[in-house]
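A.B. asks: Shown below is the structure under consideration.
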Amino acid sequence: QVQLVESGGGLVQAGGSLRLSCAASGRTLSRYIMGWFRRTPGKEREFVAAITQSGIYIYYADFVKGRFTVSRDNAKNTVTLQMNSLKPEDTAVYYCAADTQLTRIQSDDYNYWGQGTQVTVSS
């Protein structure tokens, strides 16, 4: 199985940028669809972005289109979420997730999850 570790979270002012990374170990990342999700207190975990194994297909939640970019480097076993034009409502714990196949890529049915990294956007 694969182990995932997120990094790059922190505190940023509205309009700023952060770059989240997800490092995978245990199995080669190229086997996995990779997703990013987020959770705020009192809310269910929500889909942010996903990228298929080869990187050909990329999906975004409507609320991040044009602001966030997901990419992957299979040779380095990492997935990155570049977040620009951040808003206070983007404040959440961000998780990366992995699975080899999914019925619906935007669902949270992924088998493997990281521990999450906190992103806080101040107004």
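The values are calculated or read from the model by the stated rules, or taken from the named source; none is laboratory data. Keep in mind the model is a prediction, meaning the values are calculated, not measured. Neighbour counts are summed over all protein chains in view; Cβ atoms, including those assigned to glycine, are modelled from backbone coordinates with ideal geometry. Surface areas here come from the heavy atoms of the whole protein model, side chains and all, with no ligands, DNA or RNA. Shrake-Rupley method; radii C 1.70, N 1.55, O 1.52, S 1.80 Å.
A.B. asks: Semi-axes of the equivalent ellipsoid for the stretch 35-106, please: Cα gyration tensor eigenvalues, times 5, square-rooted, ordered largest first, whole Å. It would help to have the intermediate numbers written out before the result.
C.D. replies: Details: eigenvalues 83, 41, 25 Å².
Semi-axes from the Cα gyration tensor: 20, 14, 11 Å.
A.B. asks: PRE reach from Arg27 (point 7 Å along Cα→Cβ): which of the stretch 72-99 fall under 12 Å by backbone N?
C.D. replies: 98-99
A.B. asks: How would you order 9-21, 84-96, 105-117 from highest to lowest mean count of nearby Cβ atoms within 10 Å?
C.D. replies: Details: 9-21: 15.1, 84-96: 18.5, 105-117: 16.8.
Per-residue Cβ counts within 10 Å, averaged per peptide and sorted highest first, yield 84-96, 105-117, 9-21.
A.B. asks: A follow-up question, please. Using +1 at the Cβ of each Lys and Arg and -1 at the Cβ of each Asp and Glu in the chain, identify which of Thr103, Thr40, Gly9 lies farthest towards the dipole's positive end.
C.D. replies: Final value for the positive-end residue is Gly9.
A.B. asks: With an 8 Å Cα cut-off and a minimum separation of 6 or more residues, compute the relative contact order for the stretch 42-104 in percent. Display every interim value, and only then the final one.
C.D. replies: Working: 47 pairs, mean separation 12.4, N = 63.
It comes to 20 percent, rounded to a whole number.
A.B. asks: Starting from the Kirkwood Rh over alpha-carbon pairs, what translational D in µm² s⁻¹ does the stretch 64-116 have by Stokes-Einstein at 25 °C and 0.890 mPa s? Could the numbers behind the result be given before it?
C.D. replies: Numbers: Rh = 12.9 Å.
The Stokes-Einstein estimate is 190 µm²/s.
A.B. asks: Shifting gears a bit: Relative to the Cα centre, what is the charge dipole magnitude of the chain, using +1 at the beta carbon of each Lys and Arg, -1 at the beta carbon of each Asp and Glu, and rounding to the nearest 20 debye? Mind dumping the intermediate values first?
C.D. replies: Working: 13 positive and 10 negative charges, 40 e Å.
The calculation lands at about 200 debye.
A.B. asks: Sticking with this one: Tell me the relative contact order for the chain as a rounded percent, counting alpha carbon contacts under 8 Å between residues six or more apart. Don't skip to the answer; put the middle values down first.
C.D. replies: Numbers: 307 pairs, mean separation 44.2, N = 123.
Computed over the chain, the figure is 36 percent.
A.B. asks: Kindly report, to the nearest 10 Å², the accessible surface of Glu46 as traced by a 1.4 Å probe over protein heavy atoms only.
C.D. replies: 50 Å²
A.B. asks: Taking Lys43 as the anchor, which lysines have their alpha carbon closer than 30 Å to its alpha carbon, excluding any fewer than eight residues away along the same chain?
C.D. replies: Those lysines meeting the cut-off are Lys65, Lys87.
A.B. asks: Could you tell me the ratio Rg/Rh of the chain? Both radii from Cα atoms, Rh via Kirkwood.
C.D. replies: On the way: Rg = 13.3 Å, Rh = 14.2 Å.
Reported Rg/Rh, Kirkwood definition of Rh: 0.94.
A.B. asks: Quick one: with all protein chains in place, what share of the accessible area of the chain is carbon or sulfur, to the nearest percent (1.4 Å probe)? Each step should come with its number before you reach the end.
C.D. replies: Working: 2840 of 6250 Å².
Answer for the chain: carbon and sulfur cover 45 percent of the accessible area.
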